[in-house]
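This is the structure I have questions about; it appears just below.
The values are calculated or read from the model by the stated rules, or taken from the named source; none is laboratory data. The model shown is predicted, which means the values in this text are computed figures rather than measured ones. When we count neighbours, we look across all protein chains shown, and the Cβ atoms used for this are built from the backbone with ideal geometry, even at glycine. Accessible surface is based on the protein model in full, side chains and every heavy atom, while ligands, DNA and RNA are left aside. Shrake-Rupley method; radii C 1.70, N 1.55, O 1.52, S 1.80 Å.
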Amino acid sequence: CCETIPLMIDTAKLSSGISATQSNNRPMIVLVSSFGGRSYAFNVAYGVQKAALDRLASDMAVQLKQYNIDTVSLYPGVVRTEGNIQALRAGTWEEATGGMDLENNGETVRFSGRAIVHLMDSTNGSLEWIGGSGKVGVVAELAKFVGFVDEDGRRPPSIRSLRYLLPSFVFPKIEKEINGGKIPDFIKFNIPDYLLPWDVFMSGPPPED
């Protein structure tokens with residue numbers, strides 16, 4: 001920060017003298033956080049450091065506003081990183097994550113990159129849509145708002161969407177309780193892409209052992 005923020009301040013000063021037709025963005029600091037900043041995930045250390053990133057983005061927005069520098073705390077979904085793919089292949093993924101669907105709902109790192117590109121473009125209204133500088137931007141929700149997709153052409157649902165939560169956590173539990181019974185396909189394939197309000201999402205209980 002000590003090295004990059006002065007450069008951003010200089011860039012913002014230069015951008016302030018450029019017309020809107022010549023420049024559609026201004027400097028932005030993007031912190032990669034996660035839903036663990038809002039709700040229990042994995043362990044105490046993980047949640048605390050993600051919540052700290054959210055607060056860092058919020059407080060920096062206040063101090064950097066005078067310099068025309070924006071900040072965003074970015075929430076990817078389940079990302080197909082090298083480590084996560086290795087855990088899936090090794091058979092340790094399900095136990096470590098509680099059954100998050102990496103194969104069907106996993107995002108590539110490029111999906112997050114595309115979200116950042118669109119956040120920096122002042123012409124599409126995406127920064128205002130998430131609430132402005134210092135707020136949280138969910139990659140999957142930005143993709144739906146702006147209209148971009150992942151590199152394989154898919155648009156994975158947000159982790160707080162029923163389209164993600166029901167098949168990932170609720171349906172498997174129901175099927176287990178009914179001794180191998182199956183949720184009908186007409187239900188599985190017609191789940192609305194409804195987002196749980198943040199206060200509801202944050203109030204959910206931690207996963208059971």
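So which pairs qualify, if the first residue must be in segment 69-80 and without any contact (Cβ under 8 Å) to a residue 40 or more places away in the chain, the second must be in a strand (DSSP E or B) and buried (at least 22 other Cβ atoms within 10 Å of the Cβ), the Cβ gap must be under 8 Å, and the two must be at least 6 apart or on different chains?
Every condition considered, the pairs that remain are Val79/Glu107; Arg80/Glu107.
Condition (residue is of a type in the set (Asp, Glu), open to solvent by 80 Å² or more (accessible area, probe 1.4 Å) and more than 18 Å from Tyr75 (Cβ to Cβ)) applied to segment 195-207: is it met by at least one residue?
The answer is no, given that none of the residues of segment 195-207 is of a type in the set (Asp, Glu), open to solvent by 80 Å² or more (accessible area, probe 1.4 Å) and more than 18 Å from Tyr75 (Cβ to Cβ).
Checking the structure you have, find out if any residue of segment 125-134 is open to solvent by 60 Å² or more (accessible area, probe 1.4 Å) and either within 17 Å of Ser33 (Cα to Cα) or of a type in the set (Val, Ile, Thr) (or both).
There is no residue in segment 125-134 that is open to solvent by 60 Å² or more (accessible area, probe 1.4 Å) and either within 17 Å of Ser33 (Cα to Cα) or of a type in the set (Val, Ile, Thr) (or both).
Is there a residue being part of a loop (DSSP other than H, G, I, E, B) and polar (S, T, N, Q) anywhere in segment 159-178?
no
What residue, of Ser133, Ser122, is at pLDDT 90 or above, assigned to a loop (DSSP other than H, G, I, E, B) and among the hydroxyl-bearing types (Ser, Thr, Tyr)?
Ser133
Look through segment 42-76, keep the residues that are assigned to a loop (DSSP other than H, G, I, E, B) and open to solvent by 20 Å² or more (accessible area, probe 1.4 Å), and return whichever of them is nearest to Ser122 (Cα to Cα).
Residue satisfying both the conditions and the ranking: Asn68.
Which condition breaks for Glu177 when tested against (1) among the charged types (D, E, K, R); (2) within 30 Å of Thr11 (Cβ to Cβ); (3) open to solvent by 50 Å² or more (accessible area, probe 1.4 Å)?
Result: Glu177 fails condition (2) only.
Out of Ser161, Ser122, report the one residue that is open to solvent by 60 Å² or more (accessible area, probe 1.4 Å) and among the small types (Gly, Ala, Ser).
The unique qualifying residue is Ser122.
In addition: Looking at this structure, is Ala87 crowded, with 17+ Cβ neighbours inside 10 Å and free of Cβ contacts under 8 Å to residues at least 12 places away in the same chain?
When the stated conditions are applied, Ala87 passes them.
Follow-up question, since we're still on this one. Can you tell me which residues in segment 90-112 are on the phi < 0 side of the Ramachandran plot, surrounded by 14 or more Cβ atoms within 10 Å (Cβ to Cβ) and not aliphatic (A, V, I, L, M)?
Selection gives Trp93, Thr97, Asp101, Asn105, Gly106, Glu107, Thr108, Phe111, Ser112.
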